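Novice: Following this message is one structure expressed as structure tokens.
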Amino acid sequence: MSAFLRTASRAIARPATTASARPFSSTTARPLARITIVGNLADSPELRASSTGREYLRYAVASNSGSGENRKTSWFNVSCFADEGSRRDFFQSLPKGCVIFARFCQPGVVCGLES
């Protein structure tokens with residue numbers, strides 16, 4: 001029997017694991033990943049237009065971790081499809097260097113941004 005067939009037959013013989021039995025996490029599997037970034041704006045958010053003409057804000061966030069010689073900066077390029085209005089105006093008014101808290105719940109959508 002070839003190595004491929006032995007591996008396939010073992011996989012079939014094993015019982016299926018449930019979503020709650022993930023070895024690397026104690027939480028159940030979710031169809032959507034979330035990320036939270038706390039850091040400083042690298043520059044004021046810039047309004048751009050996509051190839052389809054939809055406007056979006058583009059900005060970079062620097063997040064620091066560690067201290068002293070072990071200090072490391074991680075850079076995140078962010079695109080936010082905020083609709084025209086007070087929310088987008090607020091994002092555009094944020095100055096370079098301000099500390100922000102950004103939470104992303106859906107691809108391309110900032111669910112929360114605070115300074």
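The values are calculated or read from the model by the stated rules, or taken from the named source; none is laboratory data. These numbers come from a predicted model, not from an experiment. Neighbour counts are summed over all protein chains in view; Cβ atoms, including those assigned to glycine, are modelled from backbone coordinates with ideal geometry.
Novice: Quick check on Arg34: is it closer than 18 Å to Ala102 by Cα, at pLDDT below 90 and exposed (fewer than 12 other Cβ atoms within 10 Å of the Cβ)? So that I can check it myself, show each step before the final result.
Specialist: On the way: closer than 18 Å to Ala102 by Cα: yes; at pLDDT below 90: yes; exposed (fewer than 12 other Cβ atoms within 10 Å of the Cβ): yes.
Spelling it out, Arg34 is indeed closer than 18 Å to Ala102 by Cα, at pLDDT below 90 and exposed (fewer than 12 other Cβ atoms within 10 Å of the Cβ).
Novice: Are any residues in the stretch 37-58 in a strand (DSSP E or B), closer than 11 Å to Leu94 by Cβ and modelled with pLDDT under 90, and if so, which ones?
Specialist: First, the residues of the stretch 37-58 that are in a strand (DSSP E or B): 37-41, 46-49, 55-58.
Still in the running and closer than 11 Å to Leu94 by Cβ: 40-41, 57.
Correct list: Leu57 only.
Novice: Let me ask something else about it. Could you list, in sequence order, all residues of the stretch 65-94 that are touching a Lys or Arg at 6+ places or on another chain (Cβ under 9 Å) and either in a loop (DSSP other than H, G, I, E, B) or in contact (Cβ under 8 Å) with a residue 60 or more places away in the chain (or both)?
Specialist: Kept after step one, since they are touching a Lys or Arg at 6+ places or on another chain (Cβ under 9 Å), are these residues of the stretch 65-94: 65-66, 77-82.
Passing the criteria: Gly66, Phe81, Ala82.
Novice: Among the numbered criteria (1) without any contact (Cβ under 8 Å) to a residue 40 or more places away in the chain; (2) more than 15 Å from the chain's Cα centre (by Cα), which one does Ala62 miss?
Specialist: The number of the failed condition is (2).
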